[in-house]
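The values are calculated or read from the model by the stated rules, or taken from the named source; none is laboratory data. What you see is a predicted model; the values in this text were computed from it and never measured. All Cβ positions, glycine included, derive from the backbone under ideal geometry; neighbour counts span all protein chains shown.
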Amino acid sequence: MTSVGIDAIEVRTGRLKLDLAETFAPEQGDDPEKYTKGLGLFSSSFPDAYEDIVTMGANAAHRLMERKGLEPEDIGRIDVATESSFDNSKPVSTYIAGCLEQVYDGDFHHANKGERKFACIAGTQSLDDAVNWILAGRNRGRGALVIATDTALYARDSSGEATQGAGAVAMYITEDPDLVKLSTEQGYGSADETDFLKPNQQFPSVDGKRSVQVYLARMREALEDFERAAGDTHPDDYAFIPFHTPFPGMVRKAAVLGYRHMIRGTDVEEALADDIGRQPRRDDFDSREAFEDAIREYVDDLKETDAYREWYGEAIDPTLDISSQVGNWYTGSVHIARVSALKHAVEQGRDLAGQKLLVASYGSGAQAEIHEETVQPGFEDEVAELNVDAEVERRYDLSFSEYEQIHDRHNHEKSVELEPFTQPDSEFVFDGWGPMNERQYTYIE
Ligand code: CAA
């Protein structure tokens with residue numbers, strides 16, 4: 001079967017940074033460790049006054065096209081995933097194509113463009129659509145541009161405020177990809193939930209604690225469904241497991257449950273039995289409540305074992321590096337977790353070629369999806385081209401009052417003019433409103 005997957009990735013972060021321990025925690029009257037240890041977040045990214053989901057997406061796509069030597073005629077699809085869209089009719093992909101056409105001789109008139117919505121999982125769904133388009137043989141030798149772009153802003157003083165973030169991930173999907181090949185097997189966990197939603201409003205309505213439980217429940221269903229398609233999973237099967245990462249603490253909770261599920265009935269459960277016993281089995285308990293208590297106890301013990309800690313340190317922790325510095329990027333989050341892992345492997349001199357990733361996506365509302373990816377030979381050359389460290393490093397460090405101003409600047413219900421904190425440099429910028437209330441963009445040399 002044709003090998004299809006991600007040929008190249010680019011990451012673009014908002015140009016501003018809010019330090020959670022130094023700047024945010026003192027104003028909230030919180031212990032900084034609630035953020036750095038509890039949530040696992042050190043800082044978040046914000047868009048400057050001239051940035052938005054279009055500029056971040058277009059700038060990521062532009063760098064990707066330049067780096068890969070692509071022209072518009074090489075691209076047969078532009079799919080944008082976002083939950084920060086500003087138009088119920090005209091898709092963000094048309095704005096991004098319009099930006100790119102300012103700097104290329106050719107155009108994207110031949111390309112199919114769309115916008116995908118299902119909270120944070122839409123980035124993976126767009127990737128899936130692109131892969132299926134190629135597998136169906138409808139691409140005529142062209143690739144697909146998939147862009148996940150979001151400004152994940154919450155209402156001020158709401159529970160999610162510390163988990164904000166803003167950035168875009170652009171991915172080029174082709175046959176014989178240079179980075180990772182996607183499996184055709186995938187598993188879903190999907191249900192009608194009201195954990196997090198934005199009914200025609202910019203900032204989400206969130207039931208924070210419940211959203212955590214819904215994430216875990218749907219992820220578990222997706223893993224079971226994946227195993228129905230692909231067979232049992234084992235922790236040793238995967239070099240890394242990138243999860244959707246609203247904040248690293250969420251992944252800590254999901255990872256231990258996933259590990260428990262994967263080791264059930266295996267050599268690992270057996271090896272741990274002397275220390276922490278075997279996993280509770282439902283048939284051994286009179287009530288579901290007693291069974292669930294026993295499971296909780298087992299998981300608490302499991303978390304403390306050397307076997308688990310070692311696995312977590314190798315397969316999970318490296319996926320969280322970037323997200324701990326940039327916050328939640330909604331549709332892009334699982335994709336920066338993948339980048340984080342691949343980058344870590346290159347930095348450690350690990351040759352991952354032929355090894356597998358288990359990629360676990362999630363969107364509130366709610367749906368989880370799990371699939372496998374196989375790392376391709378030469379992946380390190382692609383990873384070496386990433387400039388994500390420089391992107392993260394160059395952000396302007398906001399004071400708290402500057403943070404308040406930029407939050408207001410991006411609040412659709414406020415009309416706030418604000419001088420930018422940074423200077424645009426060879427990039428697309430937001431340039432005001434047109435006669436039909438459309439957003440306008442310019443490329444600044
Ligand atoms: N030192 C160390 N740890 C501390 C601490 C301290 N001083 N103070 C608190 N903590 C720990 C807490 O124990 C807790 O850890 P555990 O959950 O492991 O016990 C952690 O820090 C967070 O503390 P709280 O639970 O008290 O934090 P909170 O209630 O203020 O906020 C939240 C947590 C409800 C998840 C909030 O961040 C939120 O609403 N986030 C938005 C929704 C969200 O991201 N949900 C995730 C699943 S939904 C999803 O994934 C989709 C999406 O992208 C939005």
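Of all the listed residues (ASP431, ASP351, ASP381), the sole one being more than 30 Å from GLY208 (Cα to Cα), touching a Ser or Thr at 6+ places or on another chain (Cβ under 6 Å) and surrounded by fewer than 16 Cβ atoms within 10 Å (Cβ to Cβ) is ASP431. Of all residue pairs spaced 6 or more apart or on separate chains, those with beta-carbon atoms under 6 Å, a first member in the stretch 15-43 that is of a type in the set (Val, Ile, Thr) and a second member that is away from the ligand (no atom under 12 Å from the Cβ) are THR23/PHE400; THR36/PHE42.
Residues that are under 30 Å from GLY354 (Cβ atoms) and surrounded by fewer than 19 Cβ atoms within 10 Å (Cβ to Cβ) were ranked within the stretch 184-207; the one that is nearest to the ligand (Cβ to nearest atom) is TYR188. Might you let me know whether the stretch 90-98 holds any residue that is within 16 Å of the ligand (Cβ to nearest atom), at pLDDT 95 or above and not hydroxyl-bearing (Ser, Thr, Tyr)? No; the residues of the stretch 90-98 include none that is within 16 Å of the ligand (Cβ to nearest atom), at pLDDT 95 or above and not hydroxyl-bearing (Ser, Thr, Tyr). Exactly one residue out of THR245, THR233 is polar (S, T, N, Q) and away from the ligand (no atom under 14 Å from the Cβ), and it is THR233. Apart from one condition, ARG210 fits all of (1) outside any loop (DSSP other than H, G, I, E, B); (2) buried (at least 16 other Cβ atoms within 10 Å of the Cβ); (3) over 20 Å from the mean Cα position of the chain (by Cα); the exception is (2).
From the list PHE247, PHE240, the one residue that fits, being under 17 Å from GLU369 (Cα atoms), touching a residue at least 40 places away in the same chain (Cβ under 8 Å) and among the aromatic types (Phe, Trp, Tyr), is PHE240. Here LEU216 clears all of (1) assigned to a strand (DSSP E or B); (2) without any contact (Cβ under 8 Å) to a residue 60 or more places away in the chain except the condition numbered (1). Where helices (runs of 4 or more DSSP H) fall wholly inside the stretch 334-427, no range has 2 or more residues that are in contact with an Asp or Glu (Cβ under 6 Å, 6 or more places away or on another chain).
Restricted to the stretch 128-146, and to residues there that are in contact with an Asp or Glu (Cβ under 7 Å, 6 or more places away or on another chain) and of a type outside the set (Lys, Arg), the residue that is farthest from HIS410 (Cα to Cα) is ILE134. Restricting attention to the stretch 288-323 and to residues that are under 22 Å from the mean Cα position of the chain (by Cα) and hydroxyl-bearing (Ser, Thr, Tyr), the residue that is nearest to SER43 (Cα to Cα) turns out to be SER323.
Checking the structure you have, find out if any residue of the stretch 3-18 is modelled with pLDDT of 95 or more, part of a helix (DSSP H, G or I) and within 16 Å of the ligand (Cβ to nearest atom). No. Close contacts from the stretch 332-350, counting a first residue that is on the phi < 0 side of the Ramachandran plot and a second that is in a helix (DSSP H, G or I) and surrounded by fewer than 24 Cβ atoms within 10 Å (Cβ to Cβ), with Cβ to Cβ under 6 Å and a gap of 6+ residues or different chains, come to SER340/ASP321; ALA341/PRO318; LEU342/VAL383; LYS343/VAL383; HIS344/PRO318; VAL346/GLU380; VAL346/VAL383. If a residue must be in contact with an Asp or Glu (Cβ under 9 Å, 6 or more places away or on another chain), more than 9 Å from the ligand (Cβ to nearest atom) and either in a helix (DSSP H, G or I) or under 19 Å from ASP431 (Cα atoms) (or both), how many such residues does the stretch 28-50 contain? The qualifying residues number 3. Tallying residues that are touching a strand residue (DSSP E or B) at 6+ places or on another chain (Cβ under 7 Å), more than 13 Å from the ligand (Cβ to nearest atom) and of a type in the set (S, T, N, Q) within the stretch 293-337 yields 2. Of the residues in the stretch 158-176, not one is free of Cβ contacts under 8 Å to residues at least 40 places away in the same chain and in a loop (DSSP other than H, G, I, E, B).
In summary, THR163 fulfils each of the numbered conditions (1) of a type in the set (S, T, N, Q); (2) within 20 Å of VAL206 (Cα to Cα); (3) surrounded by fewer than 19 Cβ atoms within 10 Å (Cβ to Cβ) with the single exception of condition (3).
Is it fair to say VAL169 is surrounded by fewer than 23 Cβ atoms within 10 Å (Cβ to Cβ), among the β-branched types (Val, Ile, Thr) and within 16 Å of the ligand (Cβ to nearest atom)? No, not satisfied. Give the residues of the stretch 9-37 that are hydrophobic (A, V, I, L, M, F, W, C) and either surrounded by fewer than 24 Cβ atoms within 10 Å (Cβ to Cβ) or more than 25 Å from LEU342 (Cβ to Cβ) (or both), sorted by residue number. Those that are hydrophobic (A, V, I, L, M, F, W, C) and either surrounded by fewer than 24 Cβ atoms within 10 Å (Cβ to Cβ) or more than 25 Å from LEU342 (Cβ to Cβ) (or both): LEU16, LEU18, LEU20, ALA21, PHE24, ALA25.
Within the stretch 139-166, if we keep just the residues that are within 13 Å of the ligand (Cβ to nearest atom) and under 17 Å from LEU127 (Cβ atoms), the residue that is farthest from the chain's Cα centre (by Cα) turns out to be ASP150. Exactly one residue out of ASP129, ASP107 is more than 16 Å from the ligand (Cβ to nearest atom), free of Cβ contacts under 8 Å to residues at least 60 places away in the same chain, assigned to a loop (DSSP other than H, G, I, E, B) and charged (D, E, K, R), and it is ASP107.
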